[in-house]
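First comes the structure, then the notes that go with it.
What follows is calculated from the coordinates using simple rules that are stated; it is not laboratory data. Given the structure is predicted, the values throughout are model-derived calculations rather than measurements. When we count neighbours, we look across all protein chains shown, and the Cβ atoms used for this are built from the backbone with ideal geometry, even at glycine.
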Amino acid sequence: MKTLNQKLLFSMLLAAAKDIRASVPQLNDLDGQTGDGDHGTTMMRVSQCIENTLKNSSGQDWQKTIDDMGWAIMSQDGGSAGMLIGNLFCGLATGLVEPELTPKQTAAAFRHGLDKLAYFSGAKLGDKTMLDALTPAIEAMEQLALDSEDIAALFLSAAKASQSGAEKTKAMKPARGRAKNMGEKAIGFVDPGATSMSILFNSFSNHINATNKEECYG
């Protein structure tokens, strides 16, 4: 599989929405250790926005659909996490410039999403936020895209990097959000936002691999 297109991206997002819903209790439990305990609930709303936007897209181009998705997520009651994830999708939409994206174009599109999220977040690597999983995921995509024409490999690298990044937040002292108030007491707990980004990219990768197998074996 050498390109990313609308059909594949939309099916990836629907698969991710399903996995996010299944992870709501886990995400709320994680957030309860350092925050308000509602990050899973926020992500549930994100998954609903994904599903509703795709259901009502009426065949419009994917750039418009993903931008609408971002605005829908930002419009729901999801606090700062919802606002940031909404900006992630709005940024991603600006990179959907062709009906079919090569691995390099795909990585560039996700870079647009990361940059937009980071701009509004104000956070940086090591602050114990979703950026600690999202940034290495996008960087892994960009690096692999230099030599690979395989979309599945691209998202597998992103999934592994996001999971590693999320796990590293356990050793971090938070510098943003409510967890910041806990200071060093938050060390030892994985950041829920980073975990949700890891779930997102792992879902993308798993879905693409499953799609590849279906195409190979019917």
Only one of Gly183, Gly165, Gly193 that is in a helix (DSSP H, G or I) and in contact with an Asp or Glu (Cβ under 7 Å, 6 or more places away or on another chain): Gly165
Looking only at region 104-128, and only at residues there that are of a type in the set (S, T, N, Q) and farther than 15 Å from Ala81 by Cα, the one that is surrounded by the fewest Cβ atoms within 10 Å (Cβ to Cβ): Gln105
Options Thr42, Thr34; residue that is under 18 Å from Phe189 (Cβ atoms), under 14 Å from the mean Cα position of the chain (by Cα) and crowded, with 19+ Cβ neighbours inside 10 Å: Thr42
Subset of region 48-64 that is polar (S, T, N, Q) and under 12 Å from Phe89 (Cβ atoms) - its residue that is surrounded by the fewest Cβ atoms within 10 Å (Cβ to Cβ): Gln63
In region 146-160, residue surrounded by the most Cβ atoms within 10 Å (Cβ to Cβ) [restricted to those that are over 17 Å from Met12 (Cβ atoms) and in contact (Cβ under 8 Å) with a residue 12 or more places away in the chain]: Ser148
Met74 being part of a helix (DSSP H, G or I) and over 20 Å from Gln6 (Cβ atoms): yes
Enumeration of residues in region 168-180 that are touching a residue at least 12 places away in the same chain (Cβ under 8 Å), part of a helix (DSSP H, G or I) and farther than 30 Å from Ala210 by Cα: Lys170, Ala171, Arg178, Ala179
